[in-house]
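Trainee: There's a structure below that I have some questions on.
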Amino acid sequence: MYNALIIDDETLAREIIESHLSKIGGFSIVASCKNAAEGFSALSNFSVDIIFLDINMPEITGIMFAKAISEKTQIIFTTAYREYAVEGFELAALDYLLKPISLERMITAVERFKELNAVSKNKIEFDFTFFRCDRKMVKINFEDLLYAESFGDYIKLHTTSTTFITRETMKNVIQKLPESDFLRVHRSFVVAVSKIESYTTEYVTVENKAISISRSYSNAVQKVLEQI
């Protein structure tokens, strides 16, 4: 399941992309934003694999947005103006979709994205990572991690045996975790999906601890859990 972010100032355009991705399958839409400001907020709150980004938006254009974010973030530009294609590809965009976007054209772009990701996924994968805790790098097995909790300038890593404290940002912690196994439910919490014992629209339970689902994450969390 890939996490997709949609940024377009036109409601109909966003709905068309959402509909196409739903028909294709394999994507979880973490946020559908009507401007770049909402897009920046979504990027800081969610792990995103691919962005469907409109170029011609007011105030902050899609080109400006693309230049401001990490070069590693994969982008498919969408616009009604063909003349923007050259500048879009100069930014190493994965593809460029001209509106109105047909399902057939969307499938072609998505397959290209999947092929590129399949190559990267063939790299050696480990079932653990390291975090700096108490002046040393500590190995943490993914299967042992229950949830990560933001604690001021630190992150508490709660495992099945103990709790480690690391001076990392939540974003950095998320980048070290396998996306399919962990889910951000709150600005301050990331939980191991396999460790969720029960859930409602307001919280998930891990090791008998109720962890709140914040309003900004609620829709994305429910979509992921309902697909399991």
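The values are calculated or read from the model by the stated rules, or taken from the named source; none is laboratory data. The model shown is predicted, which means the values in this text are computed figures rather than measured ones. So basically every Cβ, Gly included, is an ideal-geometry build from the backbone, and we count neighbours across all protein chains shown. The area values use the complete protein model at the heavy-atom level, side chains included, leaving out ligands, DNA and RNA. Shrake-Rupley method; radii C 1.70, N 1.55, O 1.52, S 1.80 Å.
Trainee: For Ile165, what residues show an amide H to amide H distance below 5 Å, using hydrogens built from the backbone and excluding near sequence neighbours?
Mentor: Leu157
Trainee: What residues qualify as long-range amide H neighbours of Thr78, i.e. H under 5 Å apart, gap of 5 or more or another chain, H built at 1.01 Å from N?
Mentor: Here Leu53, Asp54, Ile55, Leu97 satisfy the definition.
Trainee: Restricting to DSSP H runs of at least four residues, report the calculated mean residue ellipticity at 222 nm for the chain, -39500 (n - 2.57) per run over all residues, nearest 500 deg cm²/dmol. Write out the running numbers ahead of the final one.
Mentor: Numbers: 7 runs with 75 residues, N = 228.
Rounded to the nearest 500, the figure is -10000 deg cm²/dmol.
Trainee: Something else about it: On average, how much accessible surface per residue is there in the chain, in Å², for a 1.4 Å probe, leaving out ligands, DNA and RNA? Intermediate values should be presented prior to the final figure.
Mentor: Working: 12760 Å² over 228 residues.
The answer is 56 Å² per residue.
Trainee: Then there's this: Kindly work out what percent of the DSSP beta bridges joining two residues of the chain are antiparallel, to the nearest 5. Intermediate values should be presented prior to the final figure.
Mentor: Working: 30 of 49 bridges.
Taking every DSSP beta bridge with both residues in the chain, the antiparallel ones total about 60 percent.
Trainee: Could you tell me whether segment 1-50 comes out rounded, prolate or oblate from its Cα gyration tensor? Rule is a ≥ b ≥ c as square roots of the eigenvalues, rounded for a/c under 1.5, then prolate if a/b exceeds b/c, otherwise oblate. Before the final figure, lay out the partial values.
Mentor: Numbers: a/c = 3.39, a/b = 1.14, b/c = 2.97.
Judged from the Cα gyration tensor, segment 1-50 comes out oblate (a/c at least 1.5, b/c at or above a/b).
Trainee: For segment 128-226, just list the percent of Cα-Cα distances falling in each 10 Å bin from zero outward, please.
Mentor: Calculated P(r), rounded to whole percents: 16, 53, 27, 4, 0.
Trainee: When a/c reaches 1.5 or more, the comparison of a/b and b/c decides; with that in mind, is segment 2-122 rounded, prolate or oblate per its Cα gyration tensor?
Mentor: Rounded, since a/c falls under 1.5.
Trainee: Express in nm, to one decimal, how much length is gained between Lys67 and Glu115 on full extension, taking 0.36 nm for each residue of separation and deducting their alpha carbon distance.
Mentor: Numbers: separation 48, 0.36 × 48 = 17.28 nm, distance 2.43 nm.
Length gained, Lys67 through Glu115: 14.9 nm.
Trainee: Which of rounded, prolate or oblate describes segment 173-228 when judged by the alpha-carbon gyration tensor and an a/c cut-off of 1.5? All intermediate terms of the calculation are to be shown ahead of the outcome.
Mentor: Details: a/c = 1.28, a/b = 1.19, b/c = 1.07.
Since a/c stays below 1.5, the shape of segment 173-228 is classed as rounded.
Trainee: By the scheme Lys and Arg +1, Asp and Glu -1, what is the net charge of all other residues having a beta-carbon under 15 Å from that of Val110? Write out the running numbers ahead of the final one.
Mentor: Numbers: positive: Lys23, Arg105, Arg112, Lys114; negative: Glu18, Asp49, Asp95, Glu104, Glu111, Glu115.
Spelling it out: positives minus negatives among the neighbours equals -2.
Trainee: Residue separation times 0.36 nm, minus the C-alpha to C-alpha distance between Lys176 and Phe128: what's the value?
Mentor: Numbers: separation 48, 0.36 × 48 = 17.28 nm, distance 0.91 nm.
Net length gain for the segment: 16.4 nm.
Trainee: Here is a further query. What are the ³J(HN,Hα) couplings of segment 154-166, residue after residue, when phi is run through the Karplus curve with 6.51, -1.76, 1.60 and θ = phi - 60°? Round to Hz, x for glycine and proline.
Mentor: Working through the residues one at a time gives 10, 10, 8, 9, 8, 10, 5, 10, 7, 10, 9, 10, 10 Hz.
Trainee: Please give the Cα centre distance for segment 152-213 versus segment 8-63, rounded to the nearest Å.
Mentor: Here the two parts' Cα centres lie 25 Å apart.
Trainee: For P(r) over Cα pairs in 10 Å bins from 0, in percent, the listed values are (1) 7, 23, 27, 23, 13, 5, 2, 0, 0; (2) 7, 31, 33, 21, 8, 1; (3) 9, 34, 33, 17, 7, 1; which was obtained by calculation from the structure presented?
Mentor: (2)
Trainee: Please list, in order along segment 41-52, the HN-Hα scalar couplings obtained from phi with the Karplus expression 6.51 cos²θ - 1.76 cosθ + 1.60 (θ = phi - 60°), rounded to whole Hz, x for Gly and Pro.
Mentor: Ordered by residue, 3J(HN,Hα) equals 5, 5, 5, 7, 9, 10, 7, 10, 8, 8, 10, 9 Hz.
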